[in-house]
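Trainee: Structure provided below as structure tokens; questions to follow.
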Amino acid sequence: MLKVSDMMRQVGSMTVALVLAQYVSAAPSSTGAAADAATTGPVSGMALYQAHCAACHDGQVPRAPHMITFSTMGADSLLNAMNNGAMRAQAAALSVTEREVLAGFLAGEAMAAPKPILACAEPMGALAANDASAMQGWGGNARNHRFSAGNLAGLHRGNVEQLSLKWVFAYPGALRARSQPLVHDGVVFVGSQSGEIYALDLESGCAHWTYSAGAEVRSSLSLGQLSGHDNPVLYMGDFSATVHAIDARDGSLIWRSSVGDHPDATITGSPKLHDGSLYVPISSSEWATAADPGYACCTFRGGVVSVDAASGDLNWRAHVIEQPASETGETNPFGAVRKGPAGAPVWNSPTIDAARGVLYVGTGEAYTSPAADTSDAVLAFSLATGERKWSKQLLGGDAWNMACFIGEAANCPEEDGPDLDIGASTVLWPGDGQDYLLVGQKSGDVYALDPDNGGAVVWHNKVGRGGFLGGVHWGMSANNESLFVPIADTTITGRFTGPVSPGIHSLDPASGEVQWYTPSVADCDGKLPIPVCDQGMSAAITSTEQLVFAGSLDGNLNVYDSLSGEVLWSFDTFGEFESVSGDMALGGSIESDGPVLYKGHVLVNSGYQFGARMPGNALMVFAVSPAGELAKGSMNE
């Protein structure tokens, strides 16, 4: 059997060889016998695809979904289509193993049966209703500061060098880890690519319970209390645009509610719990579906929904694009009807402004021409009714979908991008006599908007070149003195040129002036080849009064001095680690979600098999106790 290190090197060379994999993953399974077959010998995922699928699914057949869409569908559904569904006849010549290998290759998932997780020997005790030390959901607080007070986090300049690895949890059946953990009263609640929610003991990593959502959980969980319910309640959204409320003590379902109003609707940003309502951002996978030249592109409108936290009933639905899509009277070169306007997903967790009675979200690019004036914009909606109070577009004319990367480009809008979303949550920061709404964009631009003046720009500073993964991609952080801005500026295609500034930038929130900049230095020796491995900082970051915690695409987790930008501590999460279950967890790129701080602990996910990044399935927990150190196996031995 191949070592994981050998598999990853082969996955890397194969991924780079794929033109499409410069942006969307096409890597095979990584564990088990089927995975070994997928990377060696005659049963290669790539070879199977080229021999049996490429003639239809590389864009030559209008009604055949492009292979780029398969990474959003899941290996199980693809395997079912080959065994029992629409592709049964086409897959009849393939063996059982070949079908499993092909499904895992197309979906970018591990098909081998995962090892059992370590179950806790003792039942979970009663959970406190409130935990002052806990970061509240994705943004740490309602205003998305991604900040944890040092006295509650238990981390400061004097002890951060004592951080060592306490334990590692290997997400079963996963090649990416992107659901940000939520820690409450000594329990870690986290979702997974396979759709499971785990309640893990902070001290040991054992699992108190597991809940199956049925679809990938990409977002952070939120936690709150329900009237008449003894235990705290967890809320989360999944890839099928379904919201779940479950009992935090035992993982039992309280309610489930489907909130999508489009076949490709999904939930990527974390739902935000506030005053009895759950505010849920709606994104979609239609950007990928549009790669199919036979698809009538496009109809998704984007939006936010409010649901009652006690029942899951819909309070209101607000669309980003108010006008429903309709036929334009045109067809694409393959005869498919053109539709629009469409696009403008909401990728980020809403920012709550209770004083003004509104929430703020950033939007993505349009999918059709002409680009809607609410794409690449910041929108303010009434918390009570969903009425749009104002919108501020920061980049006009940005229309793009995955068809722009495909040879025929049948559904590519004439603008062809540049796809520079506002993917990170906005940060509501209280200044001296004035509040600032701080916005980071994939273009590398950072703005302060005036929430009392329709989002008028107060200041603007471009600190990165920008690109498909940012610029600012998933999340900035703010303490009382500074706004900390992670920049990726990673090179995937040759479209974005000019000087790059990957790393951490500290800005004055009131003026936008740079206080310091610490470049991120590439640590790619022995790792997958560029652009699969680079030093860009795409993931969200987290701060205290004294420290900034940030992970990079090359797998490094760094801690910076908040005043000087000096790197005080660093750990390379790339490699093989023994998990609490006794199997091997794989660390890779740190992407999407950011570090979580709690009582002397730092929690971070490592591994992101998507967008040509380094795959992995590790949740890593660090603590300031030197006794917690865990041995690491070298990937290069």
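Trainee: Condition check: more than 24 Å from Asn332 (Cβ to Cβ), part of a loop (DSSP other than H, G, I, E, B) and without any contact (Cβ under 8 Å) to a residue 24 or more places away in the chain. Does Gly475 satisfy that?
Mentor: So Gly475 does not fit the description; no.
Trainee: Within region 574-624, track down each residue that is of a type in the set (Val, Ile, Thr), part of a strand (DSSP E or B) and either in contact with a helix residue (DSSP H, G or I) (Cβ under 9 Å, 6 or more places away or on another chain) or surrounded by fewer than 24 Cβ atoms within 10 Å (Cβ to Cβ) (or both).
Mentor: Selection gives Val602, Val621.
Trainee: Now a separate question. Which of the residues that make up region 210-239 are out of contact with any Phe, Trp or Tyr (no Cβ under 9 Å at 6 or more places or on another chain) and not in a loop (DSSP other than H, G, I, E, B)?
Mentor: Across region 210-239, the qualifying residues are Ser212, Val233, Tyr235, Gly237.
Trainee: If you check Ala403 against the conditions, is it surrounded by 21 or more Cβ atoms within 10 Å (Cβ to Cβ), part of a helix (DSSP H, G or I) and assigned by TED's automatic domain parsing to the domain that holds Val320?
Mentor: yes
Trainee: Separate question: Please work out if Ala174 is at pLDDT below 95 and under 23 Å from the mean Cα position of the chain (by Cα).
Mentor: yes
Trainee: Now for a separate question. Step by step: first the residues of region 427-457, then only those that are hydroxyl-bearing (Ser, Thr, Tyr) and either assigned by TED's automatic domain parsing to the domain that holds Ala377 or not in a loop (DSSP other than H, G, I, E, B) (or both), then the one that is farthest from Val358 (Cα to Cα). Which residue is that?
Mentor: Residue satisfying both the conditions and the ranking: Tyr447.
Trainee: Determine if region 517-533 includes at least one residue that is crowded, with 21+ Cβ neighbours inside 10 Å, touching a His at 6+ places or on another chain (Cβ under 6 Å) and part of a strand (DSSP E or B).
Mentor: no
Trainee: Listed residues Ser311, Ser285; which is in contact with a helix residue (DSSP H, G or I) (Cβ under 6 Å, 6 or more places away or on another chain) and surrounded by fewer than 24 Cβ atoms within 10 Å (Cβ to Cβ)?
Mentor: Answer to the check: Ser285.
Trainee: OK, next. Within the group Ser270, Ser219, which residue is modelled with pLDDT under 95, touching a strand residue (DSSP E or B) at 6+ places or on another chain (Cβ under 8 Å), more than 30 Å from Pro370 (Cβ to Cβ) and crowded, with 23+ Cβ neighbours inside 10 Å?
Mentor: Just a single option satisfies the conditions, and that option is Ser219.
Trainee: Do the conditions hold for Ser212, that is, is it buried (at least 24 other Cβ atoms within 10 Å of the Cβ), within 25 Å of the chain's Cα centre (by Cα) and either closer than 28 Å to Arg613 by Cα or not hydrophobic (A, V, I, L, M, F, W, C) (or both)?
Mentor: Answer is no for this residue.
Trainee: Keeping to region 133-183, report how many residues are assigned to a loop (DSSP other than H, G, I, E, B) and of a type outside the set (Lys, Arg).
Mentor: Here the count works out to 27.
The values are calculated or read from the model by the stated rules, or taken from the named source; none is laboratory data. Computed from a predicted model, the values in this text were never measured in an experiment. Heads up, the Cβs are rebuilt from the backbone with ideal geometry, glycines too, and the neighbour counts pull from every protein chain shown.
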